[in-house]
Each structure stands twice: as structure tokens, then as C-alpha cells.
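Structure record follows, encoded as C-alpha cells.
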Amino acid sequence: MAQRNFINNLANDAEFASKVKLLYGEGKLHYQVDRYRKIYDMHSAKYGEGGSFYSSPGRIEVCGNHTDHNNGKVLCASISVDTIACVTPCEGKIIVESVGFSPVEVSLDDLQAREEEYGNAVALVRGVCAYYKNNGFNLGGFCATTTSDVFRGAGVSSSACFEVLICEILNLMYNDGKIDKVTKAKASQYAENVYFGKPCGLLDQSAISLGGVSYIDFKSIANLKIQSIDWNFEDMNIVLTNTGGDHSDLTDQYASIRVEMEEVAKLFGAKKLRKVKESDFYQRLPEIQEKVSGRAIMRAMHYFDENKRVDLCAKAVKNSNEKKFCAAINESGMSSYLMLQNCYPLSDTAQRIPLGINLSKKIDGVKAVRVHGGGFAGTIIAYVDKNKTSDYVEKMQAVFGKENVFVIGVRNVGTCKVFD
């Protein structure tokens, strides 16, 4: 485990500098040295000298808007913001102290789900441990001190980042690193579904565990088709803007997308649209329009088109074809806007997401822009010429606030140990 002398000399360690470049990009050494030193100091003050360091990134949805819940395809990626942890072993329990939050403590002898823990971090730790135990993996105690720059409210999955972090610590400390990335993602999803009370899919956890850009086909949940792809677009930055809006009353509108897609599927005797042939859908359209809403039909049209766009995007990323990638992203954005209709809530007059999208299109250097994630309120994602990013960020900050515009990079490494 890393000791005080090593931490004090971290800024001069060539191996750490190389790891920082890999995980966070150029020009981040000073900032990361400060982060790692601070949590080492906090951890050692309470648990003694020494510790192993882990990193778990946030994630973005690249393409595949509202497709996963109907067994569709997605393209997602881990990004260059993360939660880091300084970790030492302990007996019989897991203690996690996260900067800015109350400590979490779980006894390894008490892994039953508790409804009163829904929505709390303790449920995520308990749920991961339960999954490991139920599937024959080893458990052991540890104390962790964590800090995170995975920004909240921008749809980059801070909870999944935390879950996969717990999975990887247990994997390397007590299972010799034998648990594969997909299993860690499934353990994290289980914790969030069963213990945390959030019925999420597997997209977020998979992106974070796998690292880089991940192509995921959800046709068979039991046997996911997953391919990791390196991101080599060096001439553009990714910028997230949290445009604002309140998500608290939007659950029914999020759910309506899945419900309406499945209403169309039922007309073909299927539970999910993935089981419906696109040619059959269009052939029966005169009949379908008499049985479901026009919006349901357009959402189904979006679904079929979006799956094909995911394949186009994946191929473009593999071939480093920026032009084709950006064209597909822009088409995805327009489809979400016009057919999926998740860019602003019903009766909303503020329309923050459309404002952000249309303002972005008027700013020089923006190559592609679309709604990010669930939609209705919140975040947009833009791909911007590197040389013109500063101007874009300044103009977006003037409208949406300095604290709501984030420049990020794709990280080609998922949750991992940084050093001992």
C-alpha cells in the first residue's frame, strides 16, 4: 500500500503522471495530485498510514436515446471525471466516508434489503455485497475515503460510478481480480434495482465498468452483446450543459415513452419493439394508427431509426470518421426532438433543452448537439471543435450559469486500481 513518502512525492512520480494522462487527459497532473493527497491525508488521519487508490468514472450516452428499455442498442462511454477512493482492509464491515456526505457502514453479516434505505448510498454497498455473496464470490471488509468530481444533476451517473467502485474494490482485494466487467455491471444494477429502489437498466453500469466507448446490444439481457471501442477524435471536445428544469414531477412522462413503445409492440404479440420487424410495422401502419396514438407511432419510428444510428455511430468511432459520427449524432438529436418528443415536458413554456440545442447550433465550432439521456429537463451534449471550445463554453455559461457547463473527455479505462 502507498505510504506517506510516496504521496508526498506524487508530483514527481513518472508512473503516476502517465496514469493521470491515461485517465484524465493532458494538463491535469497538479489538480489530481492535490485530490489524491487530500484523501490520503483524510484517510490516514482516521485509519493510519498506507492505502490503495481506486478510480471510477462517470459516463455519457453517446447514441441510443430511449432504446435500451425495449431491448435496443446503445453507444455509451466512460468520461474523464471520477470518484477516487483511498482504501485499507478491515474486519467484518465496510465503511465508506465520502467528502461532503454522511459515513456509510455495512456489516457483512447483515445483507438483507431494507426499504427504509431506498435512495441511500448504504443500500448500494449492501446490495453489491449481497449480489457477490449470492453468486459465490468472496467478501471482506474495508475502509474507504472517497471524493468525487462526477457532477450531479447532469446525467452522468454518480450512483453507478459509486456502485462499480465498490465492486472493483471487492474484486481486487478479495477475489484476485477474477470478476469480469459485465458481472460487476450486473452486480451494480442489482444493487440499484433491488436495494436502492431505482429500476434502471444496465447502460450506466456497463459504460463505467468497461471504459472507453461501449457498444451494447440489449436484445438478450442474459447474454448482452458488448464491444469496447477506443475513442480517437482528437480534434473535438465534449461539452455537457445542464440547462435546468425540475425532474421531480416528470416520472410519468419518462415512463410514457417505454409504455407507448410497448403498446405498439403488443399489437404484434410482442412485449418489446425489438421483437417487431420494422417492415411489418410500416406495412400495418394504416391499421396501427386506429389503435394507438400518433405519438406512440412516432416513438416507435424513432426506436427503429435510432438502433440503425447506433450501428452507424459505432462504425464511425471505430474508423475515426468524425464527419459520419457527427451527422449521425445530429440526426439522433432531431429524432429525439421531433419523434421521441422528450426535449421538453408537456405545457412547458421555459423549454430549456430546446433553448440550449438551438443556441448551440448558432455558435461557431459546434459539430453536433443533442439531448442527453432521459430528456424533458436537464442536459444536452455537444461535440465542439477543440480550438473553439472556450468561446462555446463562455456563451453557454452566460445563459445557463458557469456551474452548469462542463468540458469532459472520453476515458478509455473503466473502474480500476490506480496504485498501491
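The values are calculated or read from the model by the stated rules, or taken from the named source; none is laboratory data. What you see is a predicted model; the values in this text were computed from it and never measured. Note: ideal-geometry Cβ built from the backbone for every residue, glycine included; neighbour counts use all protein chains shown. Note: areas computed on protein heavy atoms with side chains; ligands, DNA, RNA excluded. Shrake-Rupley method; radii C 1.70, N 1.55, O 1.52, S 1.80 Å.
Label the stretch 56-96 by shape, choosing from rounded, prolate and oblate, from the square roots a ≥ b ≥ c of the eigenvalues of the Cα gyration tensor; if a/c is under 1.5 it is rounded, and otherwise prolate applies when a/b is larger than b/c, oblate when it is not.
Taking the square roots of the gyration eigenvalues as a ≥ b ≥ c, the stretch 56-96 is oblate.
Given a 1.4 Å probe and heavy atoms of the protein chains only, how would you sort LEU355, LEU111, LEU338, LEU170, largest accessible area at the top?
On the way: LEU355 75, LEU111 20, LEU338 105, LEU170 0 Å².
If we order LEU355, LEU111, LEU338, LEU170 from most to least accessible, we get LEU338, LEU355, LEU111, LEU170.
Treating cross-link reach as a plain straight distance, find the aspartates and glutamates whose alpha-carbon is under 15 Å from the alpha-carbon of LYS178, omitting any fewer than eight places away in the same chain.
Leaving aside aspartates and glutamates fewer than 8 places away in the same chain, those within reach of LYS178 are GLU168.
Can you tell me how much longer the chain between ILE221 and THR251 gets when fully stretched, taken as 0.36 nm per residue apart minus their C-alpha distance, in nm with one decimal? Walk me through the intermediate numbers first.
Numbers: separation 30, 0.36 × 30 = 10.80 nm, distance 2.38 nm.
Going from the current span to full extension adds 8.4 nm.
To check my understanding: the extent here is largest minus smallest coordinate of the Cα atoms along each principal axis. What are those three numbers for the stretch 219-340, in Å, largest first?
On the principal axes, the stretch 219-340 reaches 49, 35, 30 Å in Cα extent.
Could you give the radius of gyration (one decimal) and Dmax (whole number) of the Cα atoms in the stretch 198-249, in Å?
Rg then Dmax for the stretch 198-249, in Å: 14.9, 39.
Build a GNM of the chain with springs between Cα atoms under 10 Å: which of ALA270, ALA328, ALA382 gets the top mean-square fluctuation?
ALA270
So for the stretch 282-408, averaging the separation of alpha carbon pairs under 8 Å that are six or more residues apart and normalising by length, what relative contact order in percent results?
Details: 129 pairs, mean separation 22.3, N = 127.
Once divided by the residue count of the stretch 282-408, the mean separation gives 18 percent.
Among (1) 1.56; (2) 1.05; (3) 1.00, which is the computed Cα Rg over 2.2 N^0.38 Å?
Here Cα Rg over 2.2 N^0.38 Å agrees with entry (3).
Go ahead and set up a Gaussian network model of the chain, Cα springs under 10 Å, then flag whichever of SER188, SER44, SER78 fluctuates most.
SER44
Can you give me the long-range amide H partners of CYS90? Hydrogens built in the peptide plane at 1.01 Å from N, cutoff under 5 Å, separation of 5 or more residues or another chain.
It is GLY141, PHE142, CYS143, by chain and number.
Can you grab the distance from the C-alpha centre of the stretch 46-118 to the C-alpha centre of the stretch 357-387, Å, no decimals?
Answer, in whole Å: 28.
How far is it, in nm, from the label point at LYS46 to the one at ARG295 when both lie 7 Å from their Cα along the line to the Cβ?
4.7 nm
Calculate, in nm to one decimal, what ASN319 and CYS90 gain on full extension: separation in residues at 0.36 nm each, minus their alpha carbon distance. The partial results should precede the final answer.
Values: separation 229, 0.36 × 229 = 82.44 nm, distance 4.69 nm.
So the chain would gain 77.7 nm between ASN319 and CYS90.
Can you give me the solvent accessible area of TYR337 with a 1.4 Å probe, rounded to the nearest 10 Å²?
Accessible area, nearest 10 Å²: 60 Å².
Could you name the aspartates and glutamates whose alpha carbon sits less than 19 Å from that of LYS73, not counting residues in the same chain fewer than 8 places away?
Here the aspartates and glutamates satisfying the reach criterion relative to LYS73 are GLU61, ASP204, ASP217, ASP230, GLU260, GLU262, GLU278, ASP305, GLU306, ASP311, GLU331.
How high is the relative contact order of the stretch 193-243, in percent, counting Cα pairs under 8 Å that sit 6 or more residues apart? Intermediate results must be reported in sequence, preceding the final value.
On the way: 35 pairs, mean separation 11.8, N = 51.
Relative contact order, the stretch 193-243: 23 percent.
Note down the net charge around ALA382, summing +1 for each Lys or Arg and -1 for each Asp or Glu among other residues with Cβ under 10 Å from its Cβ. Mind showing how you got there, number by number?
Details: positive: LYS361, LYS367, ARG370; negative: none.
Around ALA382, the surrounding residues sum to +3.
Using a 7 Å offset from the Cα along the Cα-to-Cβ direction at both LEU338 and PHE268, what is the distance between the two label points in nm, to one decimal?
2.3 nm
Keeping every protein chain in place, order GLU105, GLU306, GLU322 by accessible area at 1.4 Å, biggest value first, i.e. largest first. Mind showing how you got there, number by number?
On the way: GLU105 105, GLU306 0, GLU322 50 Å².
Largest accessible area first, the list is GLU105, GLU322, GLU306.
Provide the gained length on full extension for the span ASP180 to VAL194, in nm with one decimal, where the gain is 0.36 nm per separating residue minus the Cα-Cα distance.
Details: separation 14, 0.36 × 14 = 5.04 nm, distance 2.12 nm.
This chain segment gains 2.9 nm when fully extended.
Taking each full run of DSSP H in the chain as one helix, which ones are at least 18 Å long along their axis (Cα atoms) and have mean Kyte-Doolittle hydropathy of at least -0.5? Mind showing how you got there, number by number?
Working: long enough: 29-47 (26 Å, -1.24); 121-134 (20 Å, 0.67); 158-174 (24 Å, 1.34); 251-266 (22 Å, -0.64); 294-318 (36 Å, -0.44); 322-335 (20 Å, -0.36).
The answer, listed by residue number, is 121-134, 158-174, 294-318, 322-335.
Quick check: with the 1.4 Å probe, what order do SER107, SER80, SER336 take by accessible area, largest first? Walk me through the numbers before you get to the answer.
Working: SER107 45, SER80 25, SER336 0 Å².
My answer, sorted largest first, is SER107, SER80, SER336.
Classify the stretch 93-200 from the C-alpha gyration tensor, please: rounded if a/c falls under 1.5, else prolate or oblate depending on whether a/b exceeds b/c.
Working: a/c = 1.28, a/b = 1.26, b/c = 1.02.
Since a/c stays below 1.5, the shape of the stretch 93-200 is classed as rounded.
For every helix of n ≥ 4 consecutive DSSP H residues, a contribution of -39,500 (n - 2.57) applies; sum these over the chain, divide by its total residues, and give [θ] at 222 nm rounded to the nearest 500 deg cm²/dmol. Can you show the working numbers first?
Values: 14 runs with 171 residues, N = 420.
Dividing the helical sum by the residues of the chain leaves -12500 deg cm²/dmol.
For the stretch 1-111, what class follows from the C-alpha gyration tensor (a ≥ b ≥ c being the square roots of its eigenvalues): rounded when a/c is under 1.5, otherwise prolate if a/b is larger than b/c, else oblate? Please report the intermediate quantities before stating the final value.
Details: a/c = 2.84, a/b = 1.27, b/c = 2.24.
Note, shape of the stretch 1-111 comes out oblate.
Considering only protein heavy atoms, what is the solvent-accessible area of ILE226 at a probe of 1.4 Å, reported in Å² to the nearest 10?
50 Å²
For labels at GLN283 and LYS133 in the simple 7 Å Cα→Cβ model, what's the distance in nm?
Each label point is offset 7 Å from its Cα along the Cβ direction, giving 5.3 nm.
Might you work out the accessible area of PHE281 for me, using a 1.4 Å probe with all protein chains in place, and round it to the nearest 10 Å²?
0 Å²
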